[in-house]
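The values are calculated or read from the model by the stated rules, or taken from the named source; none is laboratory data. All figures in this text were calculated on a predicted structure; none of them were measured in a lab. Note that each Cβ is placed from the backbone with ideal geometry, even for glycine, and that neighbours are counted across all protein chains shown. The area values use the complete protein model at the heavy-atom level, side chains included, leaving out ligands, DNA and RNA. Shrake-Rupley method; radii C 1.70, N 1.55, O 1.52, S 1.80 Å.
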Amino acid sequence: SAAGFPGVPSAYVRRTACSVRRARRIASCTLRAIAATAAAAMDVRAGECVNGIRMSWNIWPSTRLDATRIIVPLGCLYTPLKATDSLQLVEYEPVICRARDCGAVLNPCCFVDFHSKSWTCPFCTNRNPFPPHYAEHINEHNLPAELLPMCSTIEYIIPQTMSNPPVFLLVLDTAVIEEELEQAKDSLQQSLAMMPQNALVGFITFGAMVYVHELAATTLPKAYAFRGAKEYSAQQVAYQLGLGTRGGGGANAQAAGRFLMPVSECEFTLNSLLDDLTRDAWPLGGHDRRPFRCTGAALSVALGLIESCCPQGSARVTLVTGGAPNVGPGMVVGEELAETIRSHLDLQRETPNAKYTKKALKFYTSLAQRAVSCGFAVDIYACALDQCGLYEMKVIADKTGGYMVMSDSFSMSVFKDSFRKVYDCDETGYLQLGFNAKVEVFTSREFKCCGAVGGLSSLGKKSPAVAETEIGEGGTCQWVAGSMDKNTTIGFYFDIHNQQAGSMPSNKQSYLQFQTCYLHPSGRKRLRVTTVSHRYTDANMSDIVTGFDQEAAAVIMARYAVAKCDNEDPHDVLRWVDRMLIRLVAKFADYRKDDPSSFNLMPELSIFPQFMYHLRRSNFLQTFGTSPDETAYYRTIILRENTMNSLVMIQPALLQYSFEEGPPQPVLLDTCSLKPDVILLMDDFFHVVIWRGEKIQAWYDKGYQEMDEYANFKTLLQAPAADAKQILGDRFPVPKFVQTNAGGSQARFVTSKVNPSNGGMGNAGQTDATQVITDDVSLKVFMEHLIRLAVQS
């Protein structure tokens, strides 16, 4: 019987009764089986499906000195809201350790004393009595869900807690041409139809000035105007809108209801407002001037409205902009078109073109702090052929966990489909999002957390789990993100605290717990708890390499390098990546000193140098040929995506379709794969490219696919298109879809990514159209240099 454990179905417990002895053994020391089999075969992807965690090292160094010797940081990639296999939902309060500096939740790693009805916390070793309703029923044959070994990740639906429905504040740029404005309006109207009917929605437009539209006014449209040349606090916005007094105080619900209304009540009014909306009427001043755009003021007004009406609620501000701000706080360029917007070179040399950047960065950082303090997200959708100021505004999305999408036009699927996907609901009718999420980490006493890298902000909470060394958002054990989805992934970095060699008992386990408290779109507060354990290696680190996950390690290194780029020159970061790779290979490879021919890299490390080679060439570390906005966009995305998506960004996937091979085959990301009689599908996360060889393109131009006798050719053409459609449908942000051929102008999307193995001199079977002329060294040359530097005395 499951009596006494609310929220756990009796049938669920009965199914586990037949394996009670196994459950009892694991209750005393869970995950030892995982550690025991780690050296033989470590299915890290299966573990990720259960817990949403990937570790760079699955066997840990036992001392701080050993942690420096393994070179690659000890870290993990955690996806808090991952749709894990057989996630158990329970509707009751968690049992929490009562120790003063702990707070860990009861989990399968705890030692359970059934005789005294108590449990020992593996994080602080404090002994805790079970609550009366647990103690009355718990025994070897009747365990609550949180002690079952298959429930290392469990989600609590906190009873008697209800929050307000989600709030969406739409902020639209009207200083764009009519064609673009119509496309943006169309996407906003589609999103209204997809939003939950109880969701609250607000609407702000801006050009030279900011207009907050009153949605309760049905007979005559009414809007409150704010000057675009100044910043507004929450108190000023509340006073101007009649939400409160000049001295502050919370907004009353009736007054706030004029600007934030349920979709069911204002959908017609807002649709009518959008239908009648025209381009900003402020005089442009001629064709040699940019239209006035006060993006900074609009964001400050939007934040002030949310701060006044729903602090600590399920809210997100969605900025839809079509150009660079050039009026008021946060401006990044002047009014004159003759004044070009800053480039990377301008930023490095601090030329006059970059004169607004420092002030703008400071302004948007202050806006981000306001949003973080109230727990909501800010999304940025920037669509224009020129830059929109994402480099300066990036901090808002990074700190709040908001989305960032960049495209050339509001008419492109990159914007339209991405914008629509935010409002997709699951099978139960709820948005697939979590709001105002707070993530807290708990560690056993032998190691501490250095920080986190991802779309979140530090809350400055101190605990025994906080390390002295800081990486990313450090100096805390708790972080906040205004929004999360099922792919939002955070990189955590750890430091071994133990300094005495040999002081660690054999088979000693490390324990790590994540607690993610968030607001579900249903209005209920939820707490997801994930607890994992790993074994420490011996003093000689004889088996530590068998626990190396090179995929996770590559992403953890990439995040660390991108985070360093915020404060260091990218060229210095590149040299740091090179040094780390040389030291890692020199440490763990087999070779004789000064003999490159004797070099041998074990399988556990064999792909890692290849990942680092492609990382060095990527737009995350290379700024040549990209604008500051593009760099900001690419870096923001890689810092929050899961392991597999991040790997695709670092080293794009390449599939080959041909008559000889049958089903599509993965091929090397190399110039030797650019053959005339094949079709290639390349996915680098941001772009999905179909590339046709010269012979295939010639057949296509002759129209063979339209002839019945060449039906197999038509099938060959359709196969990559169907696979590309699948990728485009599953991904957020939606990638740009490109179709090209050998020698075509857009073939650059492929040729810029492949390894130039021909060295620019051509290769057997390659024609002029498939040659890649580049200054980059090939992977072969890169590995030769790496081996020579690793084996030298």
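Per-residue 3J(HN,Hα) values for segment 318-326, derived from phi via the Karplus relation 6.51 cos²θ - 1.76 cosθ + 1.60 with θ = phi - 60°, read 10, 8, 10, 10, x, x, 7, x, 9 Hz in sequence order (x marks Gly and Pro). Of all DSSP beta bridges in segment 144-286, what percent run antiparallel (nearest 5)? Taking every DSSP beta bridge with both residues in segment 144-286, the antiparallel ones total about 65 percent. Residues within the reach of a label modelled at Ile607 (point 7 angstrom out along Cα to beta-carbon, backbone nitrogen below 14 Å), restricted to segment 664-686, are 666-669. With θ taken as phi - 60° and the Karplus curve 6.51 cos²θ - 1.76 cosθ + 1.60 applied, the whole-hertz 3J(HN,Hα) list for segment 661-671 is 7, x, x, x, 10, x, 10, 5, 7, 8, 4 Hz, x standing for glycine and proline. Only the Cβ atoms of Lys and Arg (+1) and of Asp and Glu (-1) were treated as charged; on that basis the dipole of the chain about its Cα centre amounts to roughly 2660 debye.
Around the amide H of Glu214, modelled in the peptide plane, lie the amide H atoms of Lys222, Ala223, Tyr224, all under 5 Å away and 5 or more residues distant in sequence or on another chain. When peptides 559-567, 590-598 are ranked by their average number of other Cβ atoms within 10 Å per residue, the highest-first order is 559-567, 590-598.
Highest mean packing comes first when the peptides 549-555, 68-74 are listed by Cβ atoms within 10 Å, giving 549-555, 68-74.
May I ask you to derive the FRET efficiency for Ser116 and Glu470 from their Cβ-Cβ distance with R0 = 41 Å, giving the value to the nearest 0.05? Numbers along the way, then the final one.
Numbers: r = 41 Å, r/R0 = 1.01.
The computed FRET efficiency comes out at 0.50.
In order along segment 539-549, phi translates into HN-Hα couplings of 5, 8, 6, 5, 10, 5, 5, 5, x, 7, 9 Hz, rounded to whole numbers, per the Karplus curve 6.51 cos²θ - 1.76 cosθ + 1.60 with θ = phi - 60° and x for Gly and Pro. How much FRET efficiency would the formula 1/(1 + (r/R0)^6) give for Asp408 and Ala698, where r is the Cβ-Cβ distance and R0 is 25 Å, rounded to 0.05? Here the calculated transfer efficiency is 0.25. Were the residues from Ala711 through Ser233 laid out at 0.36 nm apart, the gain over their Cα-Cα distance would be 165.5 nm. Computed from the alpha carbon atoms alone, the convex hull of the chain holds 198 Å³ per residue. Each of His497, His115 has its accessible area taken with a 1.4 Å probe; listed largest first, they run His115, His497.
Putting +1 on Lys and Arg Cβ atoms and -1 on Asp and Glu Cβ atoms, find which of Val678, Pro756, Gln792 reaches farthest to the positive end of the dipole of segment 665-793. Farthest along the dipole direction, towards plus: Gln792.
Take every pair of alpha-carbon atoms less than 8 Å apart whose residues are at least six positions apart; their mean separation over the length of the chain yields a relative contact order of 13 percent.
The three principal axes of the C-alpha atoms in segment 468-578 carry coordinate ranges of 52, 41, 27 Å, sorted with the longest axis first. For the chain, the share of DSSP beta bridges that are antiparallel, to the nearest 5, is 70%. Here segment 607-663 and segment 97-137 have alpha carbon centers that stand 45 Å from each other. Computed over the chain, the per-residue total of -39500 (n - 2.57) for DSSP H runs of n ≥ 4 gives a 222 nm mean residue ellipticity of -9500 deg cm²/dmol, rounded to 500. With the convex hull of its Cα atoms as the shape, segment 633-707 has an orientation-averaged projected area of 6.4 nm². Per-residue SASA remark: Asp775, around 150 Å² accessible (1.4 Å probe; ligands, DNA and RNA not included). Remark: spin-label model distance Asp538-Thr218 equals 7.9 nm, labels positioned 7 Å along the Cα→Cβ axis. Measuring max minus min along each principal axis, the C-alpha atoms of segment 417-507 give extents of 56, 29, 20 Å (largest first). Summary of packing: across the peptides 534-540, 264-270, 47-53, 131-137, the per-residue average of other C-beta atoms within 10 Å ranks them, highest first, as 47-53, 534-540, 264-270, 131-137.
Heavy-atom accessible area with a 1.4 Å probe sorts Trp699, Trp576, Trp282, Trp691, largest first, into Trp282, Trp699, Trp576, Trp691.
A 1.4 Å probe over all protein chains sorts Phe732, Phe415 by accessible area into Phe732, Phe415, starting with the largest. Applying 0.36 nm per residue to the separation of Asp595 and Arg575 and subtracting their alpha-carbon distance, the gain on full extension is 4.8 nm.
Approximating the spin labels as points 7 Å out from Cα along Cα→Cβ, the Cys49-to-Ala99 distance works out to 3.5 nm.
What residue among Ala99, Pro291, Gly744 has its Cα farthest toward the positive end of the dipole of the chain, where the charges are +1 on Lys, Arg and -1 on Asp, Glu, each on the Cβ? About the Cα centre, the residue reaching furthest to the positive side is Ala99.
Applying 1/(1 + (r/R0)^6) with R0 = 22 Å to the Cβ-Cβ distance of Leu385 and Thr340 gives a FRET efficiency near 0.95.
Find the centroid of the Cα atoms in segment 46-83 and in segment 457-491, then give the distance between the two in whole Å. Using only Cα atoms, the two centres lie 16 Å from each other.
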